[in-house]
Amino acid sequence: MAILKSRREIELMRQAGCIVYRVLEHLRQIAKPGVTTAELDAVAEHMIRQAGAEALFKGVRSAEARFPFPAAICASLNEEVVHGIPGPRELKEGDILSVDCGVRLKGYCGDAATTIAVGTVEPEVHRLLEVTQEALEVAIREVRPGRGWNEVARQMQRHVEDAGMSVVRKFVGHGIGREMHEDPKVPNFVEPGQRQDIPLESGLVLAVEPMVNLGTAGVKYADSTGWTVVTTDGRPSAHFEHMLAVTSDGVDVLSDGHEKAAAGE
């Protein structure tokens with residue numbers, strides 16, 4: 001059962017989202033060849049603490065994982081789809097780095113992700129980033145009260161597949177509020193014959209996060225730790241995410257760095 005949020009709660013989530021936005025934008029600036037993902041994680045954790053928040057991901061447990069997640073950010077390189085653990089690996093020219101970041105502030109969660117091109121990337125990889133971000137923009141454009149989520153997800157999926165790429169099925173978005181993962185689950189695709197839908201109504205807050213593979217949709221765990229997920233064909237993957245609050249007349253993006261709602265919302 002989705003928990004609808006009050007305007008006060010949405011504004012608290014916006015504050016958390018603004019911290020996440022600032023962290024991701026700063027990491028985008030410093031993600032250069034030679035920098036390690038562990039160094040990026042240390043910067044992110046320092047920024048989160050300085051803002052008076054706590055790192056949402058650190059210590060999270062998973063049924064598939066052998067230990068709690070050890071970092072403030074997920075740092076997933078190239079063929080890594082999600083949940084990459086920061087470490088000594090250095091970025092190099094032509095890499096892409098998906099960074100997912102979450103915080104808890106005043107009891108409410110903020111969560112967003114972006115994929116960063118390190119230096120100059122191959123044209124098809126650059127296009128992967130464009131298409132994945134555009135899929136998120138489709139959701140931002142199409143979400144409004146009175147619709148079902150399937151209608152939005154279908155358009156996101158069509159945009160990706162028309163570009164010759166694949167939407168990851170194993171991992172989806174989610175409701176968010178006092179907890180990072182709340183109902184409902186928010187897929188970026190619609191399976192043939194799928195009838196279950198999410199009614200979009202004012203006060204619903206969703207973490208929408210398309211994950212797109214340049215090759216097939218297949219993914220697997222990289223190793224026995226049960227955290228880092230990679231593409232089965234070894235081709236690159238990209239990930240973008242925003243928190244979207246359904247309003248009375250459309251959508252309000254809570255993780256785009258805008259500290260106040262637009263006029264009329």
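The values are calculated or read from the model by the stated rules, or taken from the named source; none is laboratory data. Predicted model, so just to flag it, every value in this text is computed and none were measured. Using ideal geometry, Cβ is built from the backbone for each residue, glycine included, and neighbour counts are taken over all protein chains shown.
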Query raised in the report: Just one of the numbered conditions (1) in a loop (DSSP other than H, G, I, E, B); (2) hydroxyl-bearing (Ser, Thr, Tyr); (3) within 30 Å of Pro70 (Cβ to Cβ) is not true of Ser202; which one?
Result: (3)
Report task. Collect the residues in segment 15-66 that are in contact (Cβ under 8 Å) with a residue 24 or more places away in the chain and in contact with a Phe, Trp or Tyr (Cβ under 9 Å, 6 or more places away or on another chain), keeping them in residue-number order. Result -> Gln15, Ala16, Phe57, Val60, Ser62, Glu64, Ala65, Arg66
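In the set Val82, Val60, which member is under 19 Å from Glu182 (Cβ atoms), among the β-branched types (Val, Ile, Thr) and either touching a His at 6+ places or on another chain (Cβ under 7 Å) or at pLDDT below 95 (or both)?
On the way: Val60 fails: either touching a His at 6+ places or on another chain (Cβ under 7 Å) or at pLDDT below 95 (or both).
After applying the criteria, what remains is Val82.
From the list Val138, Val152, which one is buried (at least 23 other Cβ atoms within 10 Å of the Cβ), touching a residue at least 12 places away in the same chain (Cβ under 8 Å) and out of contact with any Ser or Thr (no Cβ under 6 Å at 6 or more places or on another chain)?
Only one candidate passes the filter, namely Val152.
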Requested in this report: Test Pro236 against the stated conditions and say whether it is within 22 Å of Ile116 (Cβ to Cβ) and not aliphatic (A, V, I, L, M).
Outcome: yes
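Within the bounds of segment 225-241, is there any residue that is of a type in the set (S, T, N, Q) and free of Cβ contacts under 8 Å to residues at least 40 places away in the same chain?
yes
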Requested in this report: Report, by residue number, each residue of segment 64-74 that is modelled with pLDDT of 95 or more and part of a loop (DSSP other than H, G, I, E, B).
Outcome: Ala65, Arg66, Phe67, Pro68, Phe69, Pro70, Ala71, Ala72
Report summary line: Checked segment 165-191 for anything surrounded by fewer than 18 Cβ atoms within 10 Å (Cβ to Cβ) and more than 25 Å from Val230 (Cα to Cα); matches are Arg178, Glu179, Asp183
Report summary line: In the set Glu130, Glu151, the lone residue that is under 23 Å from Val99 (Cα atoms), of a type in the set (D, E, K, R) and not in a strand (DSSP E or B) is Glu130
Query raised in the report: Does any residue in segment 174-197 that is under 26 Å from Arg7 (Cα atoms) and assigned to a strand (DSSP E or B) come within less than 9 Å, Cβ to Cβ, of a residue that is of a type in the set (Phe, Trp, Tyr) and at pLDDT 95 or above six or more places away or on a different chain, and which pairs are these?
Result: Pro184/Trp149; Val186/Trp149
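When you go through Gly146, Gly94, Gly84 one by one, which is the residue that is surrounded by 16 or more Cβ atoms within 10 Å (Cβ to Cβ) and not basic (Lys, Arg)? Step through it out loud before you land on a result.
Details: Gly146 fails: surrounded by 16 or more Cβ atoms within 10 Å (Cβ to Cβ); Gly94 fails: surrounded by 16 or more Cβ atoms within 10 Å (Cβ to Cβ).
Checking each option against the conditions leaves just Gly84.
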Query raised in the report: Could you list, in sequence order, the residues of segment 85-119 that are without any contact (Cβ under 8 Å) to a residue 40 or more places away in the chain and part of a strand (DSSP E or B)?
Result: Ala117
Requested in this report: Filter segment 25-57 for residues that are surrounded by 22 or more Cβ atoms within 10 Å (Cβ to Cβ) and either touching a His at 6+ places or on another chain (Cβ under 8 Å) or part of a helix (DSSP H, G or I) (or both) and give the result.
Outcome: Leu27, Thr37, Leu40, Asp41, Ala44, Ile48
